[in-house]
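A.B. asks: Have a look at this one before I ask anything.
The values are calculated or read from the model by the stated rules, or taken from the named source; none is laboratory data. This is a predicted model, so every value here is computed, not measured. Cβ sites come from the backbone with ideal geometry, for glycine too, and all protein chains shown count toward neighbours. Keep in mind that these areas ignore ligands, DNA and RNA; they rest on the heavy atoms of the full protein, side chains included. Shrake-Rupley method; radii C 1.70, N 1.55, O 1.52, S 1.80 Å.
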Amino acid sequence: MKRKQFRTFLGLQRNRWIYRLFYLRGVRNTPWHDEEPMPTLLKWHRERKLPRRGRALDLGCGGGTNTLWLARQGFDATGIDMTPRAIEYARDKAEKANVKVRWILGDVLASEVGDGFDVILDRGCYHSLPEEAREVYAERIRSWLRPRGAYVLGCFVWSGFGEWSRPCPAPRVPEGEPVRLFVPPFVLRDREELRDRVGAVKTRFAIHLFTR
């Protein structure tokens, strides 16, 4: 195994166990869980910046809140997460709500999810990947998204040495990295930025809307 591949492997294994430890507290007690769908996703849907129907993929779906919302809008929705407890919680919630969703327990870098998606959502998966794995991730997104599809990416970002050197418990990526990876072939259609508290630290959470 080459050194770069080995670093990626170690990083992914670290993430797997970190998330499993967080989920021992219960899905609803993890810092990233929300019982309501992402407000920016709802806003862009109302503004018709997203396709109205088709196939949707939620990467790192966690407890499935956004996946269920997409299914309720009429999408053929798929949620993928590498943590068994998250998928169990999401599947149980969907069954109780009588909402049909395809759930996949797996790694976004390796699992077969299909292709031809009209909407792909990532709220916090990308920034948790090892740096060496992000290009592989980007290649998969480019192969999965249909022409005229929409890719919504939310990630913690930093810009400049002062912000980079400030301690933060959440993983972050350089501010310009998502655009560098995805444009072209995608177009950055919209972007919103929030200040999100991670522990005692407020950090920037950037939500990108890419279209093809």
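A.B. asks: Contact list please: Cβ distance under 7 Å, first residue in the range 129-142 and under 19 Å from ARG212 (Cα atoms), second residue open to solvent by 70 Å² or more (accessible area, probe 1.4 Å) and assigned to a helix (DSSP H, G or I), pairs at least six apart or on different chains.
C.D. replies: That search, which allows pairs on different chains as well, returns nothing.
A.B. asks: Looking at the range 125-155, which of the residues that are of a type in the set (Ser, Thr, Tyr) and over 15 Å from MET82 (Cβ atoms) is most open to solvent (accessible area, probe 1.4 Å)?
C.D. replies: Once the filter is applied, the top-ranked residue is SER143.
A.B. asks: Consider the range 102-115. How many of its residues are over 10 Å from LEU57 (Cβ atoms) and touching a residue at least 24 places away in the same chain (Cβ under 8 Å)?
C.D. replies: Of the residues in that region, 6 qualify.
A.B. asks: Still on this structure, please answer the following. Specify which of the listed residues (ASP118, ASP76) is closer than 15 Å to LEU57 by Cβ, touching a strand residue (DSSP E or B) at 6+ places or on another chain (Cβ under 9 Å), surrounded by 15 or more Cβ atoms within 10 Å (Cβ to Cβ) and in contact (Cβ under 8 Å) with a residue 60 or more places away in the chain.
C.D. replies: Exactly one residue qualifies, and that residue is ASP118.
A.B. asks: Select from the range 33-42 the residues that are in contact (Cβ under 8 Å) with a residue 60 or more places away in the chain and either hydrophobic (A, V, I, L, M, F, W, C) or open to solvent by 30 Å² or more (accessible area, probe 1.4 Å) (or both) and write down the one among them that is nearest to ARG123 (Cα to Cα).
C.D. replies: The selected residue is MET38.
A.B. asks: A follow-up question, please. Return the residue satisfying two criteria in turn: it lies in the range 156-202 and is at pLDDT 95 or above and assigned to a strand (DSSP E or B), and of such residues it is surrounded by the fewest Cβ atoms within 10 Å (Cβ to Cβ).
C.D. replies: In this case the residue turns out to be VAL187.
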